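Nothing in this text is a laboratory measurement; each read-out follows from the coordinates by a stated rule. Everything numeric in this text was worked out from a predicted model, so none of it was measured. Note: ideal-geometry Cβ built from the backbone for every residue, glycine included; neighbour counts use all protein chains shown.
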Amino acid sequence: MSVTKDDVRRIADLARLNLDPGTTDRLAEELNGILAHVKTLGEVELPTESRDAVGEPVPGEGSVFRDPDLHPDGLESGAPARGAPEWREGFFLVPGLPALTGEEGRVSSDDGEASR
Amino acid sequence: MEDPGGGPGNEQTNGGGSGLSRALARARAVDEGPEGLNCFLSLSQALDPGGEEGGGPLAGVPVAVKDNICTLELPTTCGSRFLEGYESPFQATVVRKVREAGGFVVGKTNMDEFGMGSSTENSAYGPTRNPRDPSRVPGGSSGGSAAAVAAGVVPCALGSDTGGSVRQPAAFCGVVGVKPTYGRVSRYGLVAFASSLDQIGTFGATVEDAARLLEVAAGHDPRDATSARRSVPSFVDALDDGVKGKVIGIPREYLTEALDPGVATSFAQARERLREAGAILRDVSLPHTRYAVPTYYILAPAEASSNLARFDGIRYGVRALGSGSTREVYEASRSQGFGAEVVRRIILGTFALSAGYHDEYYERAQKVRSLICRDFRRIWAEGVDLLFTPTSPTPAFPLGERVRDPLAMYLSDIFTVTANLAGIPAVSVPIDPVQGLPCGGQFLAPPWEETRMLAGAAALERSYASDGGLSHG
């Protein structure tokens, strides 16, 4: 199979990317080149017990979980305000959600740090 | 550690000042002007070392840090416009450990955006030049760190290695680069690219420099669930162990027609040096090696497409102006913030994970990955102590040569991606230059056997040193 421009547009939509037509054309062509190389994986004879053959990334270590009481540094103190485009009283500001406001919300810019 | 001073730029220090001020003066000198190397994206503003005073294995040592490792004092941009000026609210564990060991951060180094690239040309802040030949790339994605060590700014540096991003630039710049076992070093504070492959690694002017920094960086961290609960042996003390009686496998799949003839000759000479040092060389086969690059270029973009979903213009980074709905903010911010290679990989990864293609691409690549792991396990079970290969099929290529050909760029990683897929440690160490350009040999070892691996690298380094050392460029 080959990847069409429509495929690239659909994938870009899933990935929340706007692509201009020139980029869409170029990516379709590049993706086909890369996938032609990837096709060689089809030659590989997979073991019959292949259900257990998915991923063995950590040599000698089982899955472990972080202590749930161990919080990342600095996230309670308002420190994200330094990096967030808009931040007020401990919250990230987002544009209004249509499901809640009944209309397309707009980015608030009357308060908080200006967009950078 | 080797004194990082000396060479052009040293005059700016007027002979005085601390190791930090000397390193800063040298950093400014090598990066200055349009023909500068562009190693650093930001430099320390500290007037004094800032590290813990007193002893410590890195007392007074200046260290360069790749710009995807979070620091409190300096911005963390990941080489991306998306994070221009971003100041992290927390510090990476490795940076804390460097400071506690007496070292200090000189600056943050240039890189391919989010680690995606093999030449440092994908940085939003312009490419880094190779100090051995400024018309060529330094390799990537940790090109700034490799170049900073090669240019004598620092004796050691931190990088990250997802598919060869420490080892390949180390080879291109004529320095030592270590990718430890997956789980050996905490990734708390490392901006994620492909989480099953990413590992923080170290650069050194010598094997000892890289080993000392690794010894400081390694160890379990409760803040990183993937860091292993294992004690850390002394990597430096093991450097005298040599290779006498060690079985070193030479995998035939790494000696392909893709190998530059000059690199092949240099590699053959390195192999003979190992034999002279007492190693037992054995021809071995890792039959799934040829599938490593296609496997990597499905799995790494798939993981990246998920990891980079967090860059949405809401919580950090740049928010596109003039957008309407939340969804439009996401789309506009991501489209303006990401560079071409990052977009390419997000599209490729999203495709590989999408309904209808997941089984054919992502799941198949995961299964092939397990076969690549088994190849290595079989070799170790057959009594092979280490593997030795070239690090890269070619020396550093000219700036611009592969920018428009993503597949050619991806194939630069052909000898390095296997270690990430299998989670095993690997190190690149300089071997004979090819037409004046640095060249690297790579040792691979079983999981957690960094001591054995670094002893091999040190034995080879000493073999060259006993003949007067290598002269690059």
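Per the Debye formula with a single identical scatterer at each Cα and no solvent contribution, what log10 I(q)/I(0) holds for region B:266-317 at q = 0.30 Å⁻¹?
Summing over Cα pairs of region B:266-317 leads to -1.05.
Semi-axes of the equivalent ellipsoid for chain B, please: Cα gyration tensor eigenvalues, times 5, square-rooted, ordered largest first, whole Å.
31, 28, 21
For region B:142-148, in order, what is each residue's ³J(HN,Hα) by Karplus, 6.51 cos²θ - 1.76 cosθ + 1.60 with θ = phi - 60°, in whole Hz (x at glycine and Pro)?
Going residue by residue, I get 8, x, x, 5, 4, 5, 5 Hz, with x marking Gly and Pro.
Quick one: dipole size for chain B, taken about the Cα centre, charges +1 on Lys/Arg Cβ and -1 on Asp/Glu Cβ, in debye to the nearest 20.
900 debye
Starting from the Cα of A:Lys39, draw a straight line to each of the lysines and keep only those under 23 Å, dropping any in the same chain fewer than 8 residues away.
Within reach: A:Lys5, B:Lys367.
In what order do B:Met453, B:Met111, B:Met409 fall by count of nearby beta-carbon atoms within 10 Å, going from fewest to most? Provide the component values of the computation, followed by the final result.
On the way: B:Met453 27, B:Met111 33, B:Met409 22.
Ordered from fewest to most neighbouring Cβ atoms within 10 Å, B:Met453, B:Met111, B:Met409 come out as B:Met409, B:Met453, B:Met111.
Can you bin the protein assembly as shown into rounded, prolate or oblate? Criterion: square roots of the alpha carbon gyration tensor eigenvalues sorted a ≥ b ≥ c, rounded for a/c under 1.5, prolate for a/b above b/c, oblate for the rest.
In terms of gyration-tensor shape, oblate.
Pairs B:Lys179/B:Lys244; B:Lys66/B:Lys179; B:Lys66/B:Lys97: which exceed 20 Å Cα-Cα?
Going by Cα-Cα distance, B:Lys179/B:Lys244 fall outside the 20 Å limit.
Using +1 at the Cβ of each Lys and Arg and -1 at the Cβ of each Asp and Glu in the protein assembly as shown, identify which of B:Tyr291, B:Ala426, A:Ala15 lies farthest towards the dipole's positive end.
Towards the positive end, the residue furthest out is B:Tyr291.
Along Cα→Cβ, 7 Å out, is where each label goes; now give me the distance between the ones at B:Glu35 and B:His358 in nm to one decimal.
Once both label points are built, they end up 5.5 nm from each other.
Per residue of B:306-316, how many C-beta atoms from partner chains lie within 10 Å of its own C-beta, taken as a mean?
The shielding value for this peptide is 3.
For B:Leu281, which sequence-distant residues (separation of 5 or more, or a different chain) have an amide H within less than 5 Å of its own amide H, given hydrogens modelled in the peptide plane?
The list, which skips near neighbours in sequence, is B:Ile248.
Can you list the residues, at least 5 places off or on another chain, whose amide H is less than 5 Å from the amide H of B:Gly441, using H built in the peptide plane?
B:Thr391, B:Val429, B:Ile431
Which loop GluC sites (Glu not before Pro) in region B:195-257, with loop taken from DSSP, have no more than 14 other Cβ atoms within 10 angstrom of their Cβ?
Answer by residue number: B:Glu257.
Among B:Asp385, A:Asp69, rank each residue by its count of other Cβ atoms within 10 Å, from fewest to most, as a rough exposure measure. Can you show the working numbers first?
Values: B:Asp385 22, A:Asp69 5.
Arranged by neighbour count, lowest to highest, B:Asp385, A:Asp69 become A:Asp69, B:Asp385.
What are the residues whose amide H is under 5 Å from the amide H of B:Ala426, where those residues sit 5 or more places off or on another chain and H is modelled from the backbone?
Amide H neighbours of B:Ala426: B:Lys179.
From the C-alpha coordinates alone, can you work out the Kirkwood hydrodynamic radius of region B:100-191, in Å?
Working: mean 1/r = 0.0764 Å⁻¹.
Over region B:100-191, the inverse of the mean reciprocal pair distance is 13.1 Å.
Can you run phi through the Karplus equation (6.51, -1.76, 1.60; θ = phi - 60°) for region A:9-20 and list ³J(HN,Hα) in whole Hz, with x for Gly and Pro?
5, 5, 5, 4, 5, 4, 8, 6, 10, 8, 10, 7
For region B:17-160, what is the charge dipole size about the Cα centre, in debye to the nearest 20, if Lys and Arg each add +1 at the Cβ and Asp and Glu each add -1 at the Cβ?
About 280 debye.
Taking DSSP loops as anything outside H, G, I, E and B, show the longest stretch in chain B free of trypsin sites (Lys or Arg not before Pro) there with at most 16 other beta carbons within 10 Å.
Answer - B:1-228.
Karplus couplings for region B:72-86 from phi (6.51 cos²θ - 1.76 cosθ + 1.60, θ = phi - 60°), rounded to Hz, Gly and Pro as x?
Working through the residues one at a time gives 7, 7, 10, x, 10, 9, 6, x, 10, 4, 4, 10, 4, x, 5 Hz.
Once you average over the residues of B:341-350, how many Cβ atoms of partner chains fall within 10 Å of each Cβ?
5
Residues of B:292-299, mean number of Cβ from any other protein chain within 10 Å of their own Cβ, rounded to a whole number?
Taking all residues of B:292-299 together, the mean is 3.
Kindly provide the helix-only [θ] at 222 nm of the protein assembly as shown, computed as the sum of -39,500 (n - 2.57) over DSSP H runs of four or more divided by all residues, to the nearest 500 deg cm²/dmol?
Using -39500 (n - 2.57) per qualifying helix, the result is -9500 deg cm²/dmol.
Per 10 Å bin, what percent of the C-alpha pairs of region B:328-473 does each bin hold, from zero upward?
Spelled out per bin, shortest first, that is 9, 26, 29, 24, 9, 2, 0.
Residues with beta-carbon under 13 Å from that of B:Asp240, excluding B:Asp240: net charge, scoring Lys, Arg +1 and Asp, Glu -1?
Summing Lys/Arg as +1 and Asp/Glu as -1 gives -1.
Once you list every other residue whose beta carbon is under 11 Å from the beta carbon of B:Gly79, what net charge do they have if Lys and Arg are +1 and Asp and Glu are -1?
Within the 11 Å Cβ shell, the charges total -3.
Take peptides B:347-360, A:10-23, B:412-425 and line them up by average Cβ neighbours within 10 Å, highest first, as a rough protection proxy. Display every interim value, and only then the final one.
Details: B:347-360: 19.3, A:10-23: 16.8, B:412-425: 27.1.
Final packing ranking: B:412-425, B:347-360, A:10-23.
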